[in-house]
1. On a 0 to 90° scale, report how tilted helix 60-80 is relative to the longest principal axis of the chain, with both axes built from alpha carbons and the result rounded to the nearest 10.
2. Take the chain, connect every pair of alpha-carbon atoms lying under 10 Å apart with a spring to form a Gaussian network, then pick out the residue of ASN19, ASN132, ASN90 with the largest mean-square fluctuation.
3. Give me the Kirkwood hydrodynamic radius of the range 83-174, using the inverse of the mean 1/r over all pairs of distinct Cα atoms, in Å to one decimal.
4. Once you have the Cα-Cα distance between ASP182 and ARG140, take 0.36 nm times their residue separation minus that, and quote the gain in nm to one decimal.
5. What angle, in degrees between 0 and 90 and rounded to the nearest 10, separates the Cα long axis of helix 162-172 from the longest principal axis of the Cα atoms of the chain?
6. Is it possible to state the helix-based mean residue ellipticity at 222 nm for the chain, with each DSSP H run of 4+ residues giving -39500 (n - 2.57), the sum divided by total residues, to the nearest 500 deg cm²/dmol? What is it?
7. Taking a cut-off of 12 Å between Cα atoms, list the aspartates and glutamates near LYS143, but don't count ones fewer than 8 places away on the same chain.
8. Spin-label point model (7 Å from Cα, Cβ direction): what's the MET78 to ASP163 distance in nm?
Amino acid sequence: MSTNDQNTELYGILAEFKNPKALIDASEKVVEAGYDKFDTYAPFPIHGIDKAMNLPKSKLGWIVLGHGLLGFSGAIAMMYFMSVIDYPINISGKPFFNAPAWVPITFELTVLLSAFGAVFGMFFLNGLPRLNHPLFNVERFKKATDDGFFVCIEATDSKFQADLVRQLFEEAGATHIEEVYD
């Protein structure tokens, strides 16, 4: 469905490449040309593609660490409040602040909130949930889950000019180039 109707607007230009090496080389050329709103699609993870795309380090680790620290401090604060302030019970002369007894709950809340941070942080950073994507309208894009290697430069990129993007993909060795409409 790459025909341009009155109610559709150009999302970007999609190019298919024959193998992972060609995809990495094309990604490097796209970065050299100064494009920053593009993505690559492949049926499996490709070692080195993040470096070729000049991607920054993921913020997900910091999100997980923050949620883990929140779980740890929340568990300590909750148990301290319950055992020392709200309902102190002296059992066999043990101290109210009994840290060894609190280890399992502290561990569990740290892991639980870290896992929530990882899942919801991944959803947030990936822009999910997105129920439909313009690339799903391209018939060839179904190969991205089997044997297709694709690069798509979005029309919202500040340097985007359709004819220059097509020329860049042709020079990079694309086997198929197609406009994608939203």
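No lab work stands behind these numbers, since they all come straight from the coordinates. Being a predicted model, the structure only gives us computed values, none of them experimental. Cβ coordinates were reconstructed from backbone atoms using ideal geometry, including for glycine residues, and neighbour counts include every protein chain displayed.
1. Its long axis makes an angle of about 20 degrees.
2. Top of the fluctuation ranking is ASN90.
3. About 19.4 Å for the range 83-174.
4. 13.5 nm
5. With rounding to tens, the tilt is 90 degrees.
6. It lands at -13500 deg cm²/dmol.
7. The reachable aspartates and glutamates, counting only those whose Cα sits under 12 Å from LYS143, are GLU16.
8. Modelled inter-label distance: 6.3 nm.
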